[in-house]
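Right, one structure below, let's go through it.
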Amino acid sequence: MERPIPGLTDRDAMCCYPLFVCQDWYQLHSDLETLEIELVSLALVTDPFGEYDRDYLNRCFEHVVPFKEHFVVDLNQQTDNHVSEHHRRYIRKSLQHVTVELCEEPIDFIDEWAALYQELILRHGIKGITAFSKESFAKQLSVPGLVMFRAVSDDKTLGMLLWYVHGDVAYYHLGSTSPRGLELHASFALFSFALKYFADNGLRWLELGAGAGIGGDGTDGLTRFKRGWSTGTRTAYFCGRIFDPERYAQIVKAKGMTTTDYFPAYRKGEFA
């Protein structure tokens, strides 16, 4: 996605949120070469299931660093024993009150989903790129491969999950629950249903994403929740390429940036 560099006529680019996916990874270098005359730089986070190795990424980008460890579920190995005892206990509690179903036509549930996600925005103070609007969700729910699950109790929607299926991998995208859904631990029923659904439909892997924050210590609630379902982790890499080194250096200097590991350096603090 091309974007203007604030205060300048130059442009750079970033990958779509949250991961960069290729159909043929080993042609990526050819695609990047065609962008050199148009952009100052490019930043992206790689799909942990991409068909690449570190040496190839180093060929394509000047800046390659391990970014986050993403929790994954190998559905060929996944059994109840791979789900933590804590999670199994809350699954049992939730299923006493909650039922989960597949939403055959996700777009039909956009109002319920948008309302749930608005609660999440307010609960966690979500800002920026992930504070999706209803209009954005209308597009997301229409993307091929989108799978939606809904948790219900007393004919009321308590929570929902969104996934994207690509090849033999299902990628967890977003989830939200109502206050009542939190009380009834609906997220445990939802994830339990999702694991079984994707296994029954012949998928090999689930990609659950990483924990909260950039430099978390692994003790946050989201990390503990995802770890409780997983059979292991895979690395996502942050990659940056400078197409115009001279202009890049000029912009960094003009913006008064000191030495930083942030890439691109001239955008340091953009998500603060």
- Which whole-Hz couplings ³J(HN,Hα) result when phi for each residue of segment 138-152 is put into the Karplus expression 6.51 cos²θ - 1.76 cosθ + 1.60, θ = phi - 60°, listed in order with x for Gly and Pro? 4, 6, 4, 6, 9, 6, x, x, 6, 10, 10, 10, 10, 9, 10
- Task: Mind pulling up the Rg/Rh value for the chain? Radius of gyration and Kirkwood radius, both on Cα.
- Result: 1.00
- Message: Helix 85-95 against the longest principal axis of the chain: what's the angle in degrees, Cα atoms only, rounded to the nearest 10?
- Response: 60
- Item | Candidates per trypsin sites (Lys or Arg not before Pro) in segment 121-167, loop by DSSP, up to 15 other Cβ within 10 Å | Lys127
- Task: Would you mind calculating the relative contact order of segment 20-73 from Cα pairs under 8 angstrom and at least 6 residues apart, reporting the percent as a whole number?
- Result: 45
- What is the distance in Å between the Cα centres of segment 101-153 and segment 5-39? 28
- Message: Rounding to the nearest 10 and keeping the result within 0 to 90°, find how far the Cα-based axis of helix 110-124 lies from the longest principal axis of the chain.
- Response: 70
- Counting only protein heavy atoms and rolling a 1.4 Å probe, one gets per residue an accessible area for the chain in Å² of 53
- Query: Please state the relative contact order of segment 38-165 as a whole percent: Cα pairs under 8 Å, 6+ residues apart?
  - Reply: 22
- Task: Scan around Leu158 for amide H atoms under 5 Å from its own, H built in the peptide plane at 1.01 Å from N, and keep only partners 5 or more places away or cross-chain.
- Result: Ala151, Val152, Ser153
- Query: In this model, which of Lys139/Lys226; Lys134/Lys226; Lys134/Lys255; Lys127/Lys226 are farther than 29 Å apart at the alpha-carbon?
  - Reply: Lys134/Lys255
- Query: If you find the alpha carbon centre of segment 169-216 and of segment 247-265, how far apart are they in angstrom?
  - Reply: 38
- Task: Report, in deg cm²/dmol and to the nearest 500, the calculated mean residue ellipticity at 222 nm for the chain, where each DSSP H run with n ≥ 4 adds -39500 (n - 2.57) and the sum is divided by the residue count.
- Result: -8500 deg cm²/dmol
- Query: Hey, got a sec? Which GluC sites (Glu not before Pro) in segment 180-248 land in a DSSP loop and have at most 15 other Cβ atoms within 10 Å?
  - Reply: none
- Message: Pairs of alpha-carbon atoms within less than 8 angstrom and 6+ residues apart define the contacts here; what relative contact order does the chain have, in percent?
- Response: 30
- Message: With both bridge residues required to lie in the chain, what share of the DSSP beta bridges run antiparallel, to the nearest 5%?
- Response: 85
- Task: For segment 18-27, take each phi angle, set θ = phi - 60°, evaluate the Karplus expression 6.51 cos²θ - 1.76 cosθ + 1.60, and give the result in whole Hz per residue in order, putting x for glycine and proline.
- Result: x, 9, 8, 10, 10, 7, 9, 4, 7, 10
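At a 1.4 Å probe, what is the % contribution of carbon and sulfur to the accessible area of the chain?
51
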- Between the modelled labels at Leu8 and Thr99 (7 Å from Cα along Cα→Cβ) the distance in nm is 5.8
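The values are calculated or read from the model by the stated rules, or taken from the named source; none is laboratory data. Owing to the predicted nature of the structure, the values given are computational and were not obtained by experimental measurement. Virtual Cβ from ideal backbone geometry, glycine too; neighbours counted across all protein chains shown. Accessible surface is based on the protein model in full, side chains and every heavy atom, while ligands, DNA and RNA are left aside. Shrake-Rupley method; radii C 1.70, N 1.55, O 1.52, S 1.80 Å.
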